[in-house]
Amino acid sequence: MGNAWRGDGKSPLRRAAGGLRTAVIGDADRLRVGQLVVAVGSPLGYAGSVSAGVVSALGRSLTTSDGRNARIVDNVIQTDASLHPGNSGGALATVADGSVVVVGVNTAVIGPGIGQGLGLAVPLNVATGRFIAALVREGRVRRAYLGVAGGTRPLPPRAVASIGQRDGVEVTTVVTGSPAAKAGLRTEDVIVAVGAEPVAGIGDLQRLLTDDWIGRPVPLRVLRGGEVIDVAIVPAELRSDATGATR
């Protein structure tokens, strides 16, 4: 263990050690279902706990609400690594090339009670890297908000031929009163482009919803009932009030 822990009652505890390797911030877009992961946190107040499991699914959507306002967190990682209250904010990590790679931040447990084997983590990827950089630089992140949840869906052959891409984002939920609801988006619509930018997956949609779109009319290209239509939408700013509720 090297030198023992020591402290003077005033300074933080320290331990002299060498050869330690820091964890690497990874790219969750490279994860695969079935990949081994560990969750680090303080479940139920037991600090420094680690649980192990696998990536159960990718591209999930998490709806959160305070009873008045709702928001949707897209593209989260589902894991069966045991999560409990107190794990939130802890690392979800895997191993690659002999290094510990942090791929997500533990966020929620789904289902009544605890220990359901169904936990969700916000992924660390190019998009979240930009958010972190903005927080460091400006102390805040401004994001455009549509008010939909969805997932990647293969397009039918006829649409592939006419649109020139194989996948889009199918809308599974439209938040009441959101810009998407006001624009007339419907469940089962498949978003294939925002402006002139193609959308083949939920990650594309997240990447495109920057502060440049806030308050500006934006054309969404949508596949609806086998036909391609354009829907005009005015994204709002994704923000929280003093109570932490998002609107």
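Here, each number is a calculation from the coordinates, and none is a lab measurement. All values reported here derive from a predicted model rather than from experimental measurement. Backbone-built Cβ (ideal geometry, glycine too); neighbour counts: all protein chains shown.
Over segment 24-138, all Cα pairs binned in 5 Å intervals from 0 give whole-percent P(r) values of 2, 12, 22, 24, 20, 13, 6, 1, 0, 0, listed from short to long. The Cβ shell under 14 Å around Val190 holds other residues with a net charge of -1, Lys and Arg each +1, Asp and Glu each -1. Note on segment 85-221: with charges restricted to the Cβ of Lys and Arg (+1) and Asp and Glu (-1), its dipole about the Cα centre is near 300 debye. The charge dipole of segment 143-238, taken about its Cα centre with unit charges on the Cβ atoms of Lys, Arg (+1), Asp and Glu (-1) only, comes to about 140 debye.
A simple charge model with +1 on the Cβ of Lys and Arg, -1 on the Cβ of Asp and Glu and nothing else charged puts the dipole of segment 24-138 at about 160 debye relative to its Cα centre. Residues whose amide H falls under 5 Å from that of Gly90, counting only those 5 or more places apart or on a different chain, are Asn106, with hydrogens built in the peptide plane. With the convex hull of its Cα atoms as the shape, segment 143-238 has an orientation-averaged projected area of 5.2 nm². Relative to the current alpha-carbon distance between Leu135 and Ala47, full extension at 0.36 nm per residue lengthens the span by 29.0 nm.
What is segment 109-171 by shape, rounded, prolate or oblate, if you read a ≥ b ≥ c off the alpha carbon gyration tensor as root eigenvalues and call it rounded for a/c under 1.5, prolate for a/b larger than b/c, and oblate otherwise? Here segment 109-171 falls in the oblate category.
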